[in-house]
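Since every read-out is calculated from the coordinates, none of them should be taken as a lab result. Note that the coordinates shown come from a computational prediction; the quantities given were computed from them, not determined experimentally. Cβ placement follows ideal geometry from the backbone for every residue including glycine, while neighbour counts extend to all protein chains displayed.
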Amino acid sequence: MEPLPATLRWIPALLAALLLAAPARGQDVTVRAQLSSGVVKLGGDVVLVLEVENASSARVGALPAVDGLRFGQLAGPSRRESRVIVNGRMREYLSLRWTVRILPERAGDFTLPPIEVETPTGTRATRPIRFTVVEDLRGQELLFIELRPSSEQVYEGQPLAVELVFGWDVNLNNQVGGLDLSLPWWGDLPGVLEVDGEDRGLRSRQFEVSVNRDSTGLVEEIGTRQVGGREFRLFRLAKTLLPTRAGKLSFGQSYLQFVQVVERGRRDMFGFGTRDRTETFYVGTPAFEVDVQPLPETGRPFDFSGAVGTYEVRAEVDRRDVDAGDSIKLTVEWSGAGNFEFFEVPDLARLPAFEDFRVYGYNEEKGADHRIATYDLAPTSGAVRTVPPVPLSVFDPALGEYTRVESPAIPIRVRDLAGADGLEPLDEEEGRERDIRDIVAATRSAGARRAPPAAAVGGILVAVPLGWWVLRALVRRRGDPDAPLERRRRAARRRLAADLRGARRADEQLRALHAFLAARTREPEQAWVGRDVEEFVAQRRGDGPERSGHAGDEAARALAAAVARLEAEAYGGGDQPLEAGEVRRAADAAVRCGL
Amino acid sequence: MSALAALTLVAALAGPPQDPVALPDDAARAHALAVEAYRAGDLDTAETLWLRVRELDPEGRAVDPADAAYNLGNVAFRRGAPIEAAAWYRTTLARRPRDADAWANLEFALAEAGLPPADRGDLRATLDRLLHALDARERAGLAVLGAGLLTLALGWEALRGGAAAQRAAWAAVAVAALCATPWLAGLGGDHAVLAHVVAANGATVHSEPSRGAAKLERLEPGARVPRVDELPGWVRVELDGGVRGWVPADGVLVP
């Protein structure tokens, strides 16, 4: 075969792409329903399968209510897709499947009404389906089942024991292929709590059996019994229920499903072969109801905390000879038949009988058939002779009224502590009340508490920085007060004092005085060597040489005399120092001159 | 003051017609009578007399008005009006901010009224309490003290100059600002007369002194707003944002 020309090679690829890209979908949305079997034995179940084709999504409407049929949970949908090429065209099939288990509750002919299914193209309905439920006569012959409540009437809170006895003909013992109990009330009764301890009283052999196909229950074998001329091997399943509200408890029909192995399958050495051939039988119990009565309001004690049943109580203490304040463990145990897990144990701290005790608290242990409370007590004085009875208000269903069960009083001996009055009553320690503090009864004046006017305080706060700003400006007009010459001038007197302390000769004193005068006049020290002091002072003051009688003249003359004496001593060869005080007076004279 | 005299006064106050002359003109005497009446359980008389004390001696020359306000708070509390009691305790604390008894009673009264505590204990409340821990005189004194320190530091800087003087001046500015903060925080509050909402369900602020006037705002119980003016049966208050309105006088207390 010759290859296609290059220009035509794209045609097959295009055709293939078109085929794959646009598959033809199934045209119409269809809804179908079918049962797994058309004839069902009473006690068995049948599975309803709902299937929607050619719809990407769908929703199943409410399942119909049919007298005598019990519907389980709707499971699904499961999704199946397939593509088929028909006559060169691809067809795509899509289906959604739901399943629901149907349990018949009586024999007879049944018709399942249409079930509506919502699809994207509209609401569709299934067709009615007929099927028949027949009694399993063989099962009734070979199997046994009996369900008994402890009472047909109970009170709220009163435990209700339910006992299921079932079994099979002893001749089937070697042909047991499987068991399942169909118990509609198992874990599904509204207004009921299941009490722990359902295995109470189990004796020898225990087995787990399948219940409702999705759970297991523990049963005990109770031996064999002759019923209707046949001998049955029997088992017992017990459960204790606690009704929490008044009304009716409905126990639907319970069934035993028994699978008999009619013929064992054969297996070769590789495990291949035939399966066991089995036959399934059913037997059921009739439905019944238990009436739950409310607890009467009449005569209900204030301290009733929910105890219902026939109670017995006993009490014991760990020590009977104690000192006041010593801890005593009081153990109270309630037992009998009752709701032991569902009441509050008495609070001894609230009981007047226990006023002479300090109650520290308690621990408790709950069980299906008993309740234990262990109180920690301490007698507060040696006057205590007994541990008082512990009362508990109980509703007794047998009597139909409220009763009171009390533990017996327990004699004890309490010794007072030497030099002590025993423990303080607890309420005095914790019962302090809070109140406002008392009035001021004394007459007190407010004193000079009047605050200065805000304007005055504000004025001060404003005036301080303002004054600083003015002062600073004034000072800076004469130059920077922090300049080196200014600092030297301010430190001149201190430096003179220090120099004079170290001066031993007249020339040293003269240099110290020159340094002082130079610092005061902001000049170098050499400027004062040989200077006519009186003339300089006069020039500084701005006086003419003819002026005399100025107030500083005397000081200028004293300064000039001191300088002259020091120069004479320093340059004349004597070099005898003057008295330090005389030099300081000369410095003072210089300051008075305005230097 | 004998019990007989107190009984005479009580009879004069209670028996019709009321004789205003029977009220003492001496604050100390009125206070003593009020204490006796309070001890005797006559809360109405005690209240009248302590109000008289505040009226006679607003400066506290004989009886501290803060004491009278505190005692009026106890009277209100004993009468089952914890919100009003809290208002009186706050009045006491405005004059004596560190009065432990007034604080204790204020918190107790607020708790009894189901209102949040005056000191919530968070940072803001703690700072607020710190700022208002001094009375007006102490705040002014502290501000002046800070100003004195500032004067010294600034004088040094002005006369001598130099880096050290400048550092000292800045430090003094900080200290002075710190000292002046309580005084600044108290500015305005010291002189404003507050209206305390004491009605258990709060008070409605109307635009005019009429219950039919527009309702501007609802004040919560225990709220405090500056009082601006008064008319018989009405108190004019200033809300946040400067809006002014009228509240019924029976819903507020103006100590």
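Things worth noting here:
- Considering all C-alpha pairs of chain B, those separated by over 23 Å amount to 62%.
- Each residue of segment A:533-540 was assigned a 3J(HN,Hα) from its phi angle through the Karplus expression (A = 6.51, B = -1.76, C = 1.60, θ = phi - 60°), giving 5, 4, 5, 5, 5, 5, 5, 4 Hz with x at Gly and Pro.
- Spin-label pair B:Arg244/A:Thr443, simplified geometry with 7 Å Cα→Cβ offset, distance in nm: 4.1 nm
- Average projected area [Cα convex hull, the protein assembly as shown], square nanometres: 98.1 nm²
- 0 to 90° range, to nearest 10: angle between helix A:553-572 axis and chain A longest Cα axis: 80 degrees
- Angle in degrees between helix A:506-521 and the longest Cα principal axis of chain A, rounded to the nearest 10: 60 degrees
- Contour excess over end-to-end distance, with Cα ends at A:Phe288 and A:Arg541 and 0.36 nm allotted per residue: 77.4 nm
- Residue-count net charge about A:Gly265 - beta-carbon cut-off 9 Å; Lys, Arg +1, Asp, Glu -1: +3
- Computed FRET value (nearest 0.05) for A:Arg495 with B:Leu184, which takes r as the C-beta separation and R₀ as 60 Å: 0.80
- Theoretical FRET efficiency, 1/(1+(r/R0)^6), r = Cβ-Cβ of B:Leu115 and A:Asp376, R0 41 Å, to 0.05: 0.50
- Förster radius 45 Å - calculated FRET efficiency between A:Phe270 and A:Gln226 (Cβ-Cβ, nearest 0.05): 0.45
- Rounded to the nearest 20, the size of the Cβ-charge dipole of segment A:355-407 about its Cα centre is 140 debye, with Lys and Arg at +1 and Asp and Glu at -1.
- Nearest-20 debye value, the protein assembly as shown charge dipole, Cβ charges on Lys, Arg, Asp, Glu: 4500 debye
- Here the alpha carbons of segment B:136-186 define both size measures, Rg and Dmax, at 11.9, 37 Å.
- Stokes-Einstein D for segment A:225-383, Kirkwood Rh over Cα pairs, 4 °C, 1.567 mPa s (µm²/s): 59 µm²/s
- Residues B:His196, B:His206, sorted so that the one with the fewest Cβ neighbours within 10 Å comes first: B:His206, B:His196
- Charge sum, other residues only, whose C-beta stays under 15 Å from A:Gly306's C-beta, Lys/Arg counted +1 and Asp/Glu -1: -3
- Relative to the longest principal axis of the Cα atoms of chain A, the long axis of helix A:580-592 makes an angle of roughly 80 degrees.
- GluC sites (Glu not before Pro) within segment A:557-595: DSSP coil, no more than 15 neighbouring Cβ in 10 Å: A:Glu579
- Pairwise label distance in nanometres, A:Glu146 with B:Glu220, each label 7 Å out on the Cα-Cβ vector: 7.3 nm
- Once both labels are positioned 7 Å from their Cα atoms along Cα-to-Cβ, the gap between A:Ser36 and A:Val317 label points is 6.7 nm.
- Under 13 Å, Cβ to Cβ, from A:Ser151 - net charge with Lys/Arg +1 and Asp/Glu -1: -3
- Cβ-based exposure ranking for B:Thr92, A:Thr386, A:Thr132, in which fewest neighbours within 10 Å come first: A:Thr132, A:Thr386, B:Thr92
- Compactness of segment A:309-418 - radius of gyration and Dmax, Cα, Å: 14.7, 53
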